[in-house]
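Quick notes on the structure that follows.
Derivation of every value follows stated rules applied to the coordinates shown; laboratory data play no part. All of these numbers come straight from a predicted model, not from anything done at the bench. Every residue, glycine as well, gets a Cβ built from its backbone with ideal geometry; the counts of neighbours run over all protein chains shown.
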Amino acid sequence: MKEDAALLPVEDARARTLALVSPLPPEWVRLEEALGRALAEDVRAQRTLPPWDNSAMDGFAVRSADLSAPLPVRLQVKETIYAGQTPRREVQPGTCARIMTGAPLPPGADAVVMRERTQLAPGGEAVDILEAVGPGHFVRPRGEDAREGEVLLPRGTPLGIPELGLLVGQGMLMAPVPRRPRVAILSTGDELCRADAPAEGRIVDANAPALSLAVLRAGGVPSVLGIARDTLEDVSQHLAATQGYDLVLTSAGMSVGEHDFVREALEKLGVERDFWRVAIKPGKPLAVGRKGGTIYMGLPGNPTSSLVTFELFVRPALRRMLGHPDVEPTRVSGRLDGELRKPEGLAHYVRVTSTWRDGELWVKPLATQTSGALRSAASATHLLHFPRTSSRLSTGDRVELVALSWGA
């Protein structure tokens with residue numbers, strides 16, 4: 001407990017990490033490449049949308065004042081207007097126009113009566129209106145979506161599919177966004193080999209491929225630098241190639257073992273360490289520092305620890321680089337199905353699966369929580385936050401959950 005009391009709380013570690021990070025310089029990219037980033041500047045509307053009042057339903061464009069008489073009211077149908085056509089006639093008292101969804105409202109009309117509330121008279125030249133409506137009924141007003149010159153989307157707006165659709169509607173093909181973060185990934189350890197190399201008593205490095213995929217999903221551009229052997233010289237040689245990246249992720253070598261050389265190699269490189277070790281399980285030996293414009297994050301070597309610390313610390317940093325104003329992990333509330341025990345001192349992030357039951361989200365811890373086994377992350381939907389000051393959680397307790405981005 002004495003040792004753990006000196007560790008940095010998770011929230012403080014994340015805040016200090018994010019304090020080192022800023023949105024990257026902007027670039028103009030095609031809209032499909034901007035998906036998932038945030039706007040680097042305000043975008044103003046270049047056109048008014050819709051450019052005219054138009055119908056929200058198939059029906060009849062009417063003067064609402066004509067419907068003050070006792071129902072049904074018979075009106076003469078003067079024309080039919082389809083989407084993409086321009087009305088040819090003004091709606092005069094006692095008349096109407098048959099209109100389709102999206103078609104411009106003709107002059108004189110101020111409302112639309114849906115087809116189901118009407119009945120065509122024999123011959124189709126007149127229609128009986130069965131419902132009285134007021135001005136604006138089923139009318140999409142001009143400029144409802146955008147007005148030329150106004151700020152359409154402010155700086156910092158995350159660009160999802162609706163936002164990009166809004167830009168397409170303005171005739172835009174490109175958007176200003178921070179460039180994608182360039183991320184170097186380095187695994188360390190004599191016990192590791194590539195998946196395509198003979199094992200010969202070693203284990204396949206799963207960390208670098210998994211982190212590469214996580215970086216890619218978070219919007220970064222990953223570069224895997226290979227595997228550094230457990231010598232100061234080899235680790236230093238690999239790290240020397242990381243200058244110019246926005247973010248460098250190392251896995252393993254951050255503890256105090258005889259073969260843990262990453263911290264020493266980072267110091268030799270001139271990286272100014274901000275903090276080392278966090279009050280968290282898994283992920284305690286996390287370290288973060290900076291040299292110039294490059295952020296260095298030393299992640300634990302256990303595969304699940306690596307993924308958990310990525311979710312809680314690396315992904316928020318990448319989102320900040322991509323211009324997002326809100327980068328904190330998404331939290332939801334749920335109830336625990338099971339019993340959890342631990343000593344006080346470390347915040348545990350328990351991998352759980354979720355089901356919807358009785359109108360609430362219920363979560364069940366995975367059978368194994370071993371940080372060295374990727375199975376303890378496979379199929380997880382959330383991380384359950386077991387606070388550092390708590391020692392017991394029971395079935396039915398309300399718990400805080402972090403939604404995971406690494407699943408299918």
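State whether the stretch 331-403 is rounded, prolate or oblate according to the following rule on the C-alpha gyration tensor (a ≥ b ≥ c being the square roots of its eigenvalues): a/c under 1.5 gives rounded; otherwise a/b larger than b/c gives prolate, and the remaining case gives oblate.
oblate
Hand me the tally of lysine pairs in the chain: alpha carbons under 19 angstrom apart, and the pair either on different chains or 8 or more positions apart.
Lysine pair count for the chain: 8.
Please work out how much length the chain gains when fully extended from residue 150 to residue 82, using 0.36 nm per residue of separation minus the C-alpha to C-alpha distance, in nm with one decimal.
Roughly 21.5 nm would be gained on extension.
Which of 159, 374 comes first, and how do the rest follow, when ranked by fewest Cβ neighbours within 10 Å?
374, 159
Which whole-Hz ³J(HN,Hα) couplings does the stretch 336-341 yield from phi under the Karplus relation 6.51 cos²θ - 1.76 cosθ + 1.60, θ = phi - 60°, glycine and proline marked x?
7, 10, x, 10, 10, 9
So what J values fall out for the stretch 281-292 if you push phi through Karplus, 6.51 cos²θ - 1.76 cosθ + 1.60 with θ = phi - 60°, rounded to Hz, Gly and Pro as x?
9, x, x, 4, x, 4, 9, 9, x, 8, 9, x
Here are several values of volume of the Cα convex hull per residue in Å³: (1) 141; (2) 179; (3) 202. Which one was derived from the coordinates shown?
Calculated volume of the Cα convex hull per residue in Å³: the matching label is (3).
Could you tell me the ratio Rg/Rh of the stretch 1-101? Both radii from Cα atoms, Rh via Kirkwood.
Computed over Cα atoms, the ratio is 1.44.
From the Cα gyration tensor of the stretch 104-156, with a ≥ b ≥ c the square roots of its eigenvalues, which class applies: rounded if a/c is under 1.5, or else prolate if a/b is larger than b/c, or else oblate?
Cα axes put the stretch 104-156 in the prolate bin.
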